[in-house]
Amino acid sequence: MSETNINTSTGVVPRETDGSTGSGRVVSVVKDSEAFPGELLGPTVVVTDRMASAELQDRIEKVLLMGPEAEGGDALGADVGADVGADGGAITVGGTAGVHPPDSNHSNHSNGPNPINIPSIAAIKPEDIHVLVVDDELMSRTVASTLLKRFKYTVTTAEDGAEAMELLKSAAPGTYHLVLTDVRMPQMDGIELLQYIRSEETLRSVPVVMMSSFDQGDVVCACEEGGAEEYLVKPVTQKEVANIWQHVLRKRGEATTVPQFRGEAPRAEQTNQAKNQHRKEREQDPQEQQRQQQQQQQQEEQEREHQEKHREQTHLMRSLREQSTITGEFLKMMREKRVREFEQLKEQVMLLQEDCEAVSCLSERDVVDGGEDGTSEGPTRKRMAVREPSVDLTWLNGSQLDASYFAKIHRSTPQVESFNFDGGGNVGGNFGSSGGVDPGPGLPNKSNCSEEDLREFATSLNAVSQRNKLVVESTIRSGNMANPQEMVCYSDFSVDDAHFATVSVSRSVKVFDHASIVESPDSLQFPVWQATTRFKLSSVSWNSYLRSHLITSDYGGAIQLWDVASGMKNEMACYSEHDKRVWSIDFSTLDPMQFASASDDATVRLWSLSQSNSSVSTIKLPANACSVSYNPKKATMLSVACANHACYVFDTRRTDRCVAMLGGATRAVSYVKWLGSDAVLGASTDSAIRSWDLTRLDEGVCEPNEVYRGHVNERNFVGLSVDGDGYVATGSEDNSVVVYYHKFPFSVCRWGQKEGRRMKEEGERGGGSTSRAFTSSVCWARGGRSLLVGNSEGCLALLKLV
């Protein structure tokens, strides 16, 4: 017996007649279980040397067109075996076996011609098919390629149509057997790629399958008209990928030449004559024709209903399968996340236990060292040291303190894990790639712990534990009858904390007596000295040596020198070299004759009281200068805050270049202060304060080593102040004041937040100006724990850190 592969998609079945009525060559459909178990591969047509009746031949055609599910398909093999006889060939339809093929000595018969051999295409397997996946979305492209590789396809990916076109151009003909492309892509979409493939002679035989997240009718029609084999709705399912090889088989079948058998033309002519005769008979009976039309319409309607129901069931099953897949992946990730957290907790508990023992040893060693002088105080100190201290730590933010502890002691921060869902319904996470759970970099490292780190952390925690609350000592209304609500722009304490001065947008500078306000908090408070200027005032600074001298700056670009002790209402001197508004001024604490000013004209000018009305030097900056501050320990070091998101450090002996550039801010830096002699603090309008350690300079550039967050500052000047113990105070745009400790990145206390929110809510309801209230000025006393706070409504509050 010989086998011939026939294109069954067109329904053409080769026949051969021998002159007798109703005889023809027997064909069959076989099932190839080796290529894809459980999937119909073909069908493959087997042509035998034996003739069959015309009725049986018609049944075979019907099976070829409709598949093995056609009526009578299951019994077709047995009928063919009975019809052909012992000399006939085998036939199998949908897996139903008939008679085995004859032996080779029976292959030649006088009733039929010799068989014709055509190359077989039934042996195609997925591993022989090279698929080009084109999609601009990474997740969709990854899901499709992973599913294809799971079924042993060879896969190449491209990010858009242009890249796919280049791959097709550069590859040899026959490299790619199928193209799976998305419809909507940048540069060159899927429809344009389809048109290109159909226009190329060497690529026309390559089947193209379109896929998209949308199933709009016009898009589907455009793809079908362009020659696409199929239109899939993303996400692509396993079943669709498993059957995608059939398009390659169909395309190759179309390219196969169907052999012409002798006697086929007379057979076709006889068939056409019978059809014409049948058509004439039907035309003569209109009632029969109408009845058949009605039956046909009913069948079409039933078929549509069946297809719609099948489509709904398919969509429902796909949705349920996707939900089950996503839920299963999510639960797996949750389980691994909990395992990871458990491993972290075990490791952290062990480290904390070791640290507790180390701290106990340090405490005992310190007690023993303190009693080595032989005095009677040694044993007493030891007995006191072993008692449990009564320290309240409930005010601390536990999670932030945990992170800070592991970051400072074990040089790592526990990481917060999260899940991310891609477009294909997959769940991703940050877990170990090897077997088991990888502890990752979030776990602390025991080897990094040192005795010095423990001592430093203990000292910082002890300091914060003793002072972590702000209490009100007195409140003052800075406004007057003419201006009841005047914004306090800046404030500063005198060198001995006996007085403090404030400046406001009402063009007035006021000096208050600190001691009298503390002693009489409920009394009406009035300034002991007051003066008025021509422009709004922006900053004030006291001289560290001449206690009665202070300077102010205004929006007109001028600087005024005042003598409070003389009682004069006019300035002693005026300095007016700046072209624009002066934002900040600062007296040097080490050289009382020197002071500096920062202006909107992008310059910082250095002045001397011994030189009349002209600056000593000028520093040019790339953007507006917002703040300036002298180093409290080094007389020649000066820091400047700039609107270009950076701070600069200069040596006043050489102002043509900066010593260091301090980056890291994402918006304008509005304030700059020194934290000791080698650290700089900068507050920016991205609601953050950054600390830079100048001992870590790298070729003149320094990145922040600490970032303090917890306040709100996005558009206004809210103030910044540092005391001698390392407490950093800043205002907030919710009308509150926030205090940080320089060793911890989180706030240790705040005051006025509830009051500020309530004032804003009342202002929004009533439409008043209180909705814009915010803290505009903060200043620590130089030798104590007092904090002066002013807001945009002219309210002053004297607070104390306890």
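The values are calculated or read from the model by the stated rules, or taken from the named source; none is laboratory data. Everything numeric in this text was worked out from a predicted model, so none of it was measured. Methodologically, a virtual Cβ is constructed for each residue, glycine included, from the backbone with ideal geometry; neighbour enumeration extends over all protein chains shown. Areas reflect the complete protein model, heavy atoms only, side chains present, ligands, DNA and RNA absent. Shrake-Rupley method; radii C 1.70, N 1.55, O 1.52, S 1.80 Å.
Using each residue's phi in region 240-248, evaluate 6.51 cos²θ - 1.76 cosθ + 1.60 at θ = phi - 60° and report the 3J(HN,Hα) Karplus result to the nearest Hz, with x for Gly and Pro.
Here the 3J(HN,Hα) series is 5, 5, 5, 9, 5, 5, 5, 5, 5 Hz.
Can you give the FRET efficiency to the nearest 0.05 for N644 and R785, using r as the Cβ-Cβ distance and R₀ = 30 Å? Intermediate results must be reported in sequence, preceding the final value.
Values: r = 36 Å, r/R0 = 1.19.
The formula returns an efficiency of 0.25 here.
Can you tell me the FRET efficiency between Q353 and S677 if r is taken as the Cβ-Cβ distance and R0 is 51 Å, rounded to the nearest 0.05?
Working: r = 38 Å, r/R0 = 0.75.
E between Q353 and S677, to the nearest 0.05, is 0.85.
How long are the semi-axes of the equivalent ellipsoid of region 495-584, defined as square roots of 5 times the Cα gyration tensor eigenvalues? Whole Å, largest first.
Details: eigenvalues 117, 40, 24 Å².
Rounded to whole Å, the semi-axes are 24, 14, 11.
If I model a spin label as a point 7 Å beyond the Cα along the Cα-Cβ vector, how far apart are those points for E192 and V802 in nm?
7.4
Order F457, F151, F330, F744, most accessible first, counting only protein heavy atoms with a 1.4 angstrom probe.
Details: F457 25, F151 50, F330 75, F744 0 Å².
Of F457, F151, F330, F744, the descending order of accessible area is F330, F151, F457, F744.
Order the following by accessible area, largest value first: T156, T603, T314, T695. Probe radius 1.4 Å; ligands, DNA and RNA are ignored.
Numbers: T156 35, T603 15, T314 60, T695 100 Å².
Putting T156, T603, T314, T695 in descending order of accessible area: T695, T314, T156, T603.
Distance from a point 7 Å along Cα→Cβ of R534 to each backbone N in region 608-625: keep the residues under 19 Å and list them by number.
Within reach of a label on R534, which here means backbone N under 19 Å from a point 7 Å along Cα→Cβ, region 608-625 contributes 613-615.
Would you kindly state how much longer the chain becomes between M568 and D218 on full extension, computed as 0.36 nm times their sequence separation minus their alpha carbon distance, in nm to one decimal? Provide the component values of the computation, followed by the final result.
Details: separation 350, 0.36 × 350 = 126.00 nm, distance 8.62 nm.
Length gained, M568 through D218: 117.4 nm.
For labels at E303 and A623 in the simple 7 Å Cα→Cβ model, what's the distance in nm?
7.1
For a Förster distance of 35 Å, can you work out the FRET efficiency between the beta-carbons of C361 and D725, rounded to the nearest 0.05?
0.80
Under 5 Å between amide H atoms, partner at least 5 residues away or on a different chain: which partners does S670 have, H built in plane at 1.01 Å?
Amide H neighbours of S670: A683, S684, T685.
Can you tell me the length gained on complete extension of the stretch E225 to L454, counting 0.36 nm per residue apart and subtracting the Cα distance? Before the final figure, lay out the partial values.
Values: separation 229, 0.36 × 229 = 82.44 nm, distance 7.48 nm.
In short, 75.0 nm is gained.
Please list L694, L720 in order of solvent-accessible area, largest first, computed with a 1.4 Å probe with all protein chains present.
I get L694, L720, largest accessible area first.
Cross-link list K125/K332; K510/K634; K510/K800; K346/K469; K234/K309; K125/K239: which exceed 24 angstrom alpha carbon to alpha carbon?
Working: K125/K332 34 Å; K510/K634 31 Å; K510/K800 21 Å; K346/K469 34 Å; K234/K309 20 Å; K125/K239 16 Å.
Flagged as over cut-off: K125/K332; K510/K634; K346/K469.
Any idea of the accessible area per residue across region 577-618, 1.4 Å probe, to the nearest Å²? Each step should come with its number before you reach the end.
Numbers: 1600 Å² over 42 residues.
Accessible surface, normalised per residue, equals 38 Å².
Give the accessible surface of region 120-222 per residue, rounded to a whole number of Å², with probe radius 1.4 Å and ligands, DNA and RNA excluded.
Working: 4770 Å² over 103 residues.
Computed with neighbouring chains in place, this is 46 Å² per residue.
Search the structure for amide H atoms under 5 Å from the amide H of M185, placed 1.01 Å from N in the peptide plane, and list their residues when 5 or more places away or on another chain.
G190
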